[in-house]
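Trainee: Dropping the structure in here first, questions after.
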Amino acid sequence: MSLSVDYLIRPLDVFRELARVLRPGGRLLVTFSDRCFPTKAVAAWLSSDDVGRLAMVATYLHVAVGEWEEIVAWDIKLPPLESPQRPGMRELMKDPALGLAWAAANAAAARTRGGDPLYCVRGIKEEDGGGKLGRG
């Protein structure tokens, strides 16, 4: 499931069905970003921060079925690129093109810092139904 969990009006029903069709030992990955259409997202989603949304999705898995070996949540972000070292004046005097190359590389690194975050919650369905994370 990707980028739509914030619009679910009956999330427990959806997660119960996902767990029903998932084979034992199967993995359910739910990914989402921090973007949404506020006019369509449910109120609980809009009133939560990123950590709260990760917890909300993990809770959907646990409460809807509870038959998971493991539920984990990740905040997946690309590490920011470091700005390249600026050429010194002596280097620029010898080769002015180094200044243009540095400016282009620095601008590219700056653009990567503004990317959208991505969040993921993973559940692994129990093999035997024994209940490591069971509700009971």
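Trainee: Yes or no: the stretch 28-45 includes at least one residue that is in contact with a strand residue (DSSP E or B) (Cβ under 9 Å, 6 or more places away or on another chain), charged (D, E, K, R), surrounded by 12 or more Cβ atoms within 10 Å (Cβ to Cβ) and under 13 Å from V121 (Cβ atoms).
Mentor: no
Trainee: Kindly establish whether P84 is part of a loop (DSSP other than H, G, I, E, B), closer than 20 Å to P117 by Cα and over 17 Å from the mean Cα position of the chain (by Cα).
Mentor: No, not satisfied.
Trainee: Please work out which one of (1) within 17 Å of the chain's Cα centre (by Cα); (2) assigned to a helix (DSSP H, G or I); (3) loosely packed, with under 12 Cβ neighbours inside 10 Å is the condition A104 fails and give its number.
Mentor: It fails just one condition, (1).
Trainee: Follow-up question, since we're still on this one. Could you grab me the full set of residues in the stretch 48-95 that are open to solvent by 90 Å² or more (accessible area, probe 1.4 Å) and more than 27 Å from S33 (Cβ to Cβ)?
Mentor: Q85, R86, M89, R90, E91, M93, K94
Trainee: Quick one: in the stretch 109-121, of everything that is open to solvent by less than 40 Å² (accessible area, probe 1.4 Å) and not hydroxyl-bearing (S, T, Y), which residue is modelled with the lowest pLDDT? First the steps, then the outcome.
Mentor: Restricting attention to the stretch 109-121, the residues satisfying the condition of being open to solvent by less than 40 Å² (accessible area, probe 1.4 Å) are 109, 117, 119-121.
Okay, now just the ones that are also not hydroxyl-bearing (S, T, Y), so 109, 117, 120-121.
Working: A109: 74, P117: 79, C120: 91, V121: 92.
Going through the qualifying residues, I end up with A109.
Trainee: Related question: Filter the stretch 24-59 down to the residues that are over 13 Å from the mean Cα position of the chain (by Cα) and in a strand (DSSP E or B), then identify the one that is farthest from Y7 (Cα to Cα).
Mentor: Looking at the filtered set, the residue picked out is R27.
The values are calculated or read from the model by the stated rules, or taken from the named source; none is laboratory data. Nothing here was measured: the structure is a model prediction, and the numbers come from that model. Don't worry about glycine lacking a Cβ; one is built from the backbone with ideal geometry, like all the others, and counts go over all protein chains shown. Just the protein is used for accessible areas: all its heavy atoms, side chains included, with ligands, DNA and RNA removed. Shrake-Rupley method; radii C 1.70, N 1.55, O 1.52, S 1.80 Å.
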